[in-house]
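To start, the structure under review is shown below, and the notes come after it.
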Amino acid sequence: MQNYKKSVIATALVALTAGGSALVSAQALEEVLVTAQKRVEGMQDVPISIAVVSGEMIQNSGITNLEELTLYLPAVNVSQSGGQTQIFIRGIGSGNNIGFEQSVGTFVDGVYFGRARNARAAFLDVERVEVLKGPQSTLFGKNTVAGAINITTRGPTEEFEGYLEGSYETEIEQYGLTGAVSGPLSDNVRGRLVAKYSDSEGYMENQAPGGEDGPQKEQSVIRGALSWDITDRLLADFKAETGSIDTEGKHHKITISTPTANYLFGFGDDPNFESSLGFNTKQSVSGSPARRDFDENDWDIYQATLTYEMDNHTLKSITAWTEYEVNKCLDGDYAPVYFLDQCNGEENEQFTQEFILSSNLGGSFEYLAGFFYQDSDLTSTTDTHLRLSGIPPIEAGVWGLLGTTLPVGAMDSGVLAEFEQNTESWSVFGQFTYDFTDRFRGTVGVRYSEDDKEADSVQLITALGGTEPSGFHTALLGPGGLNFRVPYDYNIERSEDHVTGSMNLQYDIGDDTMIYFTASNGFKAGGFDESNGLDISREFEDESVLNFEVGAKMEFWDNRARLNSAIFNTSFDDLQVSSFESATFIVTNAGEATVQGVELDGVVAVTDKLELRGALTWLDAEYDEYDEAACTVDQIIAQGNPCRQDLGGTPLQFAPDWSGNIGATYETGLTANTDILFGLAALYSDDVLIMPDGDKNGIQESFWKVDARVAWSASDGSWTLALIGKNLTDEDVFSWGNDATLSGSFLGFEQAYFHQMEKPRTYEFQARYNF
């Protein structure tokens, strides 16, 4: 069956290149412009593997954020864990630890956003999203070892325009409203103002008394932009944005557990608790205010970009200040009992400055050079409360081990932890391209970077028993009973510098076909483990990458068809890995990993009404060396804790062997003044490992998702009414999962697992008016 599914995608891609008499009256495909090399170029001229999704497709498909977008991008994954956001490309990404730098850099309008949390922001008035695959260290800097996501928003326009769009999505009961207005404010000043608000009730049915469905999400964001022609040569662009995302409830649940664990979980709001995969849960809000699952995220962005056009060069300055604040609480046991919860506060402030000097395109020798500076301050506080009295049999069992009896709640306790980090980075870079002939050219790039970090961290154990703690807490459980984490208080610094570079060769076989070879390296900065302060593990080292890629970019049939391909081999040393151990994520340097594969991406305008698209990726991503990996629950039960395993030869996370999509759009006139459009997309993923320890209970089995859209619109584009169906096959898919916090603790929770469910089948209604 799986071979059949793969052949369906492959057949569709072959059809894109088959040619024939069907291509009658088709129009040429529009050129796709990108800024993948720090200046505007055609996608077909850029010698790297890149996927581009237009703002029009994002709007038409009802895609609201990066997490939803990656369903349309093979071998790319953005998903939420319990408290963090995970971004992976080709099986490489950063896991669950605030101390982590990113493996995939995120850039918005040329500004680097160094924290994964920024990926949760809702899409607003987006012009395009570029996903650059493979190391991008020369032009985009550190922390792009797996690639970069480059988002461009719409800017002010020369002519007055605007739109108003409303939407409603069933099942999650989400409604949204977006509006924008843009145009000239004077002869040399243009402005754009856009705002969005949405509210949803969630899709997890909470059957607990007084419980509410979730995750309920309220989002609001407003952005203003100005473009000012100071002179004929000097342009100033300003942008300010503020937004918030408030979420109540989560989309996780206990999906696998033993009869003993079910019995213990039954001391909560569900005495007949049974684990299952699905969309119902019994998450209580009773017992403690800190028991409530919520996530509040607020952010502000201020940016100024100056562009000075000289006769043969362009000088650009990008200055930005960003900040966000997060407050959240998580049900640490993931079950309907009041036993373990964790609250976090996170604040990040970042200032960046970049200068870029570039020569004009078109000469036999082209170049650009730049300087980048970043200063950021991160503060994190963590409070995990362990309430043994929430499950009486466990409290009684602890008393039995101690040979005594104490009042109820006497062992309820926790630990306060606080982490502060300052990061200062600077780098200089250059890239130079020389045309050996009119068809053959070579490019060399180099970057020098320095990073300095300083961290202060403290952890305190709260007093046992008494009233519910008001501070921050955490505790670990191990074989034989309670083992509180060792308190610590430290200040530590680290510095590192790196030279990275790239080299590529391009050859134009014809006017419409280019082949290329690229070799590049990169690094991800080392740092400090925010959740673990032990001497032996509080610091982790930088990781490095070496990548080789061969690709081709082709247009044919009078530019009515496009096919891009890439073959790559990427090696990682000292790969940074975050693994879940007892009650926290621990960062280590895993060793070595190799990622190799093949990518295909194509589009063809069959006629002026029918367009076909397809993408397919084969991926082989596995550890070559990782002999100190965290154990699975079964291994802990068999060997005891602490426990280590060798994951050499096993697959990486979020790296399905096969993934792809096929799609079609057909648009035709319906009446003299209206058009109708039909769109269909089928999205496929092979089996994919979710858990970092290789546990087979964390494998999401292969699935197809089918999305569809029907739109009725005015021929002049003034209005559109659309119906969008998402996940029409109603697949039960989880995007994240792990063994439950206390699984393997020998307290009765052995072999208990939770998973976070993606949305079921939904229908969205859209109405848009353009003016």
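The values are calculated or read from the model by the stated rules, or taken from the named source; none is laboratory data. The structure presented is a predicted model; accordingly, all values stated were derived computationally and were not measured. Cβ coordinates were reconstructed from backbone atoms using ideal geometry, including for glycine residues, and neighbour counts include every protein chain displayed. To get the accessible areas, we keep the full protein, side chains included, count just its heavy atoms, and leave off ligands, DNA and RNA. Shrake-Rupley method; radii C 1.70, N 1.55, O 1.52, S 1.80 Å.
Among the strands (runs of 3 or more DSSP E) lying completely within region 55-120, list those that include at least 2 residues that are surrounded by fewer than 23 Cβ atoms within 10 Å (Cβ to Cβ). First the steps, then the outcome.
Details: elements: 76-80, 85-89, 104-108, 111-113.
It comes to 76-80, 104-108.
Taking region 485-509 as the range and being more than 31 Å from the chain's Cα centre (by Cα), among the hydrophobic types (A, V, I, L, M, F, W, C) and under 16 Å from residue 529 (Cβ atoms) as the test, only 486 passes. Scanning region 305-325 for residues being open to solvent by 70 Å² or more (accessible area, probe 1.4 Å) and within 21 Å of the chain's Cα centre (by Cα) gives a total of 1. Taken over region 625-672, the criterion of being free of Cβ contacts under 8 Å to residues at least 40 places away in the same chain and under 28 Å from the mean Cα position of the chain (by Cα) is satisfied by 625, 627, 646, 649, 657. Considering each residue of region 126-146, count those that are among the acidic types (Asp, Glu) and open to solvent by less than 10 Å² (accessible area, probe 1.4 Å), and give that number. So the count comes out to 1.
If the condition is being surrounded by fewer than 24 Cβ atoms within 10 Å (Cβ to Cβ) and β-branched (Val, Ile, Thr), then region 713-758 contributes 720, 724, 729, 733. When region 137-154 is filtered for residues that are more than 17 Å from the chain's Cα centre (by Cα) and either outside any strand (DSSP E or B) or more than 24 Å from residue 240 (Cα to Cα) (or both), the ones remaining, listed by number, are 137, 138, 139, 140, 141, 142, 154.
Within region 592-608, residues that are assigned to a loop (DSSP other than H, G, I, E, B) reach partners that are open to solvent by 30 Å² or more (accessible area, probe 1.4 Å) with beta carbons closer than 8 Å, at six or more positions or on different chains, in the pairs 606/22; 606/612; 607/22; 607/24; 607/25; 608/25; 608/27.
Return the total of residues in region 600-610 being modelled with pLDDT of 95 or more and either among the acidic types (Asp, Glu) or under 30 Å from residue 653 (Cα atoms) (or both). Final tally of qualifying residues: 4. Only residues that are surrounded by fewer than 22 Cβ atoms within 10 Å (Cβ to Cβ) and outside any strand (DSSP E or B) were counted in region 333-365, giving 5. Only residues that are open to solvent by 20 Å² or more (accessible area, probe 1.4 Å), in a loop (DSSP other than H, G, I, E, B) and touching a helix residue (DSSP H, G or I) at 6+ places or on another chain (Cβ under 7 Å): list them for region 641-669, please. Within region 641-669, no residue meets the criteria.
Could we say that residue 302 is open to solvent by 20 Å² or more (accessible area, probe 1.4 Å), part of a helix (DSSP H, G or I), touching a residue at least 24 places away in the same chain (Cβ under 8 Å) and not basic (Lys, Arg) here? Write out each step before concluding.
Numbers: open to solvent by 20 Å² or more (accessible area, probe 1.4 Å): yes; part of a helix (DSSP H, G or I): no; touching a residue at least 24 places away in the same chain (Cβ under 8 Å): yes; not basic (Lys, Arg): yes.
For residue 302, the condition - open to solvent by 20 Å² or more (accessible area, probe 1.4 Å), part of a helix (DSSP H, G or I), touching a residue at least 24 places away in the same chain (Cβ under 8 Å) and not basic (Lys, Arg) - is not met.
Of all residues in region 388-405, which are touching a Ser or Thr at 6+ places or on another chain (Cβ under 8 Å) and either buried (at least 19 other Cβ atoms within 10 Å of the Cβ) or at pLDDT 80 or above (or both)? Let's see the steps before the verdict.
Pass one, region 388-405, residues touching a Ser or Thr at 6+ places or on another chain (Cβ under 8 Å): 395, 399.
Answer for region 388-405, where residues must be touching a Ser or Thr at 6+ places or on another chain (Cβ under 8 Å) and either buried (at least 19 other Cβ atoms within 10 Å of the Cβ) or at pLDDT 80 or above (or both): just 395.
Yes or no: residue 730 outside any strand (DSSP E or B) and more than 18 Å from residue 79 (Cα to Cα)? So residue 730 passes the test. Residues in region 195-219 that are within 24 Å of the chain's Cα centre (by Cα) and either assigned to a strand (DSSP E or B) or aliphatic (A, V, I, L, M) (or both): 195, 196, 197, 198, 199, 200, 204, 214, 216, 217, 218, 219.
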